[in-house]
Amino acid sequence: MRQHAFYACMLTALSNDWQRGFQHSGSGRFFVAQLHPWNASTDPENVYYYSAIAPLRRAQAQGVAASPGAALATAIDGGDPLAPATSIHPRSKQLPGARLSQAILSQRYGLPVPYAAPGFASSTASAAGTELAVHVVLTAGGGEAPQLRWVPPSPASNSSRCPTDLQVLPIMCSGFEVMLNDAPFPNGTWLPASGALDASGMGLVLTATAPRAGLAAAGSRNGWNAWPVVNFYTVEGSLPLLTWEEAV
């Protein structure tokens with residue numbers, strides 16, 4: 001799982017080969033289900049586990065993006081902490097099934113069904129004293145991002161919060177973060193950040209407080225951990241905001 005770049009490359013090759021094999025029937029499409037939240041290791045020293053899950057999700061997205069005719073169906077908001085076979089294999093298959101169905105109806109049958117979850121496109125940073133802000137422009141399927149809505153944390157949800165009451169450790173959970181320019185990306189200090197919709201409702205403004213004036217934001221990330229905390233969805237289609245870790 002450390003070889004994320006290799007995984008992305010091989011996924012692209014697999015998708016392209018699959019589509020070539022089925023192109024004669026007109027059904028040459030390839031669909032990938034992005035990894036669920038995963039509370040596999042409760043050892044805070046297990047650096048391998050905590051550093052691998054989020055980059056592997058990114059590798060899945062990269063592999064799909066590099067293969068025309070492929071589509072990604074995310075399940076980062078489908079956590080099942082108490083699943084007998086661990087949360088990577090949740091008991092409820094309805095969510096990933098519905099997301100894959102949306103992608104198939106759109107990409108295979110050409111129906112006007114929203115399927116592409118919004119994700120990072122670009123960002124700009126600003127600072128006022130110790131207050132840092134990163135404006136994140138989003139995209140969906142390579143096009144304009146749709147309107148978003150905020151979903152407040154709820155005890156009934158395993159995804160809109162960190163469900164510590166259900167054996168998920170706080171160190172597994174991540175929402176928005178902003179990186180200081182005190183080291184090269186991505187090794188600078190990461191600060192917890194708040195996220196709000198921008199004026200368009202199709203982008204985000206992340207804000208964080210630096211420990212002293214003179215520092216700037218050099219990067220941002222969202223859900224960059226084993227258990228992403230998801231509070232933003234598309235208005236149409238209820239698709240969650242994808243995870244990212246990107247320099248400004």
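Only the coordinates and a few stated rules stand behind these numbers; no lab work does. All values derive from a computational prediction rather than experimental measurement. As a convention, Cβ positions derive from the backbone with ideal geometry for all residues, glycine included, and neighbour counts pool all protein chains shown.
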Requested in this report: Could you please find all residues in the stretch 196-216 being closer than 21 Å to SER159 by Cα and surrounded by 21 or more Cβ atoms within 10 Å (Cβ to Cβ)?
Outcome: LEU204, LEU206
Report task. For the stretch 184-212, enumerate the residues that are farther than 26 Å from ALA145 by Cα and in contact with a Leu (Cβ under 6 Å, 6 or more places away or on another chain). Result -> GLY188, THR189, ALA210
Report summary line: Of PRO153, PRO186, the only residue that is within 25 Å of SER87 (Cα to Cα) and under 18 Å from the mean Cα position of the chain (by Cα) is PRO153
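Being of a type outside the set (Phe, Trp, Tyr) and in contact with an Asp or Glu (Cβ under 9 Å, 6 or more places away or on another chain) is the filter here; which residues of the stretch 113-136 pass it? Full working, then the answer.
Restricting attention to the stretch 113-136, the residues satisfying the condition of being of a type outside the set (Phe, Trp, Tyr) are 113-114, 116-119, 121-136.
PRO114, SER122, SER123, HIS135, VAL136, listed by residue number.
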Report summary line: Those residues of the stretch 89-113 that are under 28 Å from ALA40 (Cα atoms) and crowded, with 17+ Cβ neighbours inside 10 Å come to a total of 5
Report task. Please work out if GLY219 is closer than 20 Å to PRO81 by Cα, crowded, with 19+ Cβ neighbours inside 10 Å and out of contact with any Lys or Arg (no Cβ under 7 Å at 6 or more places or on another chain). Result -> no
Query raised in the report: Could we say that ALA103 is in contact (Cβ under 8 Å) with a residue 40 or more places away in the chain and either closer than 15 Å to ALA33 by Cβ or not in a loop (DSSP other than H, G, I, E, B) (or both) here?
Result: yes
